[in-house]
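Notes follow the structure.
The values are calculated or read from the model by the stated rules, or taken from the named source; none is laboratory data. For clarity, every value in this text was computed on a predicted model and none was experimentally measured. Because the Cβ atoms are built from the backbone with ideal geometry, glycine has one as well, and the counts that use them run over all protein chains shown.
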Amino acid sequence: MLITIVTIFPEMFPGMLAYSLPGKHLGTLWDLKVVNIRNHSDNRWQKVDDTPYGGGAGMVMKANIVHNALTEALKNYQNKVPAIIHMTPRGKLFNNTTARSLATCDGLVILCGRYEGIDQRVIDHWIKHYGMQEISIGDYVLFGGEVAATVVIESCLRFVPGIMHNENSPDNDSFDIKDTNGDRVDLLEYPQYTKPVSWNSYDVPSVLLSGNHAEIMKWRIEQSKQITEQVRPDLWNTYKMLCKRYQA
Ligand code: 6GU
């Protein structure tokens, strides 16, 4: 999986992605390239932005410069077709399902905006001609797309074969719990414990010491349900609705 970041801050990469399992497999199971948008500037001050038509605060990244940077990024893929993503708070909300699906792509090109945004015409063009998708990582605003791109990459890499120690590891994480019937459901993860059995007068739940795997699985799913009901009523309602639908 080749990932190309298009940014005015190439020094931000690989950054955190050089650590842990992503870092261990960087250069083998996946690779990262960076296109510096500034190298496509059309002036000798390496400026990439200008004032917005219609007035208002901030600066807007220029269409031709972003277009040329994206075109350079595509050259990394030859006959393959990468998914092209624009990181923006105006995008579709990112989740684990999107991560799993992006992990199956021939590669990713991720455009990171800064400032007040990017000239809408280059966005429209790349959506229309290259199927570019706009993705947000949540309902808050960051200074730019670079941290959000790092989030998207980390979560995708968990679904790239070979990157996790244990191929089953992406199962039974939050948003990916196996229900009693084996279906994957959007519940939060159950709590985990390790040695010692007693710490600071807190004990490990006895069922986990029982060796009874069926009982342990039942307990964990029950915990997942309780935690989800308490902290994520949105996920809980969807889960209950899907359960009812299957029973009907
Ligand atoms: Cl993808 N970019 C920026 N700048 N802010 C965000 C975001 C992305 N997702 C949530 N907030």
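Can you list residue pairs whose Cβ atoms sit under 6 Å apart, with the first residue in segment 134-149 being free of Cβ contacts under 8 Å to residues at least 60 places away in the same chain and the second being more than 6 Å from the ligand (Cβ to nearest atom) and of a type in the set (A, V, I, L, M, F, W, C)? Count only pairs 6 or more apart in sequence or on different chains.
Sorted first by the residue in segment 134-149, then by its partner, the pairs are 135/85; 135/94; 136/93; 137/94; 137/151.
Regarding segment 156-170, can at least one residue be identified that is modelled with pLDDT of 95 or more, within 12 Å of the ligand (Cβ to nearest atom) and of a type in the set (Phe, Trp, Tyr)?
no
When you scan segment 107-120, how many residues do you find that are in contact with a Leu (Cβ under 7 Å, 6 or more places away or on another chain) and either of a type in the set (A, V, I, L, M) or not in a strand (DSSP E or B) (or both)?
Total satisfying the criteria: 3.
Answer yes if at least one residue in segment 178-193 is surrounded by fewer than 17 Cβ atoms within 10 Å (Cβ to Cβ), within 16 Å of the ligand (Cβ to nearest atom) and β-branched (Val, Ile, Thr), and no otherwise.
no
Mind telling me which of the residues 90, 100, 121 ends up being farther than 20 Å from residue 3 by Cβ, at pLDDT 95 or above, more than 10 Å from the ligand (Cβ to nearest atom) and not hydrophobic (A, V, I, L, M, F, W, C)?
121
Collect the residues in segment 14-53 that are acidic (Asp, Glu) and loosely packed, with under 14 Cβ neighbours inside 10 Å, keeping them in residue-number order.
Passing the criteria: 42, 50.
Can you give me the ranges of the strands (runs of 3 or more DSSP E) entirely in segment 1-106 with at least 1 residues that are under 19 Å from residue 158 (Cα atoms), touching a residue at least 60 places away in the same chain (Cβ under 8 Å) and of a type in the set (Ser, Thr, Tyr)?
2-7
Quick check: is even one residue across segment 207-219 assigned to a loop (DSSP other than H, G, I, E, B) and either of a type in the set (Phe, Trp, Tyr) or surrounded by 10 or more Cβ atoms within 10 Å (Cβ to Cβ) (or both)?
yes
I want to confirm something. Restricting to segment 126-169 and keeping residues that are more than 11 Å from the chain's Cα centre (by Cα), under 27 Å from residue 47 (Cβ atoms) and among the β-branched types (Val, Ile, Thr), which single residue is surrounded by the most Cβ atoms within 10 Å (Cβ to Cβ)?
Selected residue: 127.
Mind telling me which of the residues 74, 102, 93 ends up being within 18 Å of residue 10 (Cβ to Cβ) and of a type outside the set (Val, Ile, Thr)?
Every option except 74 fails the conditions.
Which one of these does residue 123 not meet: (1) surrounded by fewer than 17 Cβ atoms within 10 Å (Cβ to Cβ); (2) among the β-branched types (Val, Ile, Thr); (3) part of a helix (DSSP H, G or I)?
Among (1) surrounded by fewer than 17 Cβ atoms within 10 Å (Cβ to Cβ); (2) among the β-branched types (Val, Ile, Thr); (3) part of a helix (DSSP H, G or I), the lone unmet condition for residue 123 is (1).
Answer with yes or no whether residue 116 is within 12 Å of the ligand (Cβ to nearest atom), modelled with pLDDT of 95 or more and not polar (S, T, N, Q).
No: the conditions fail for residue 116.
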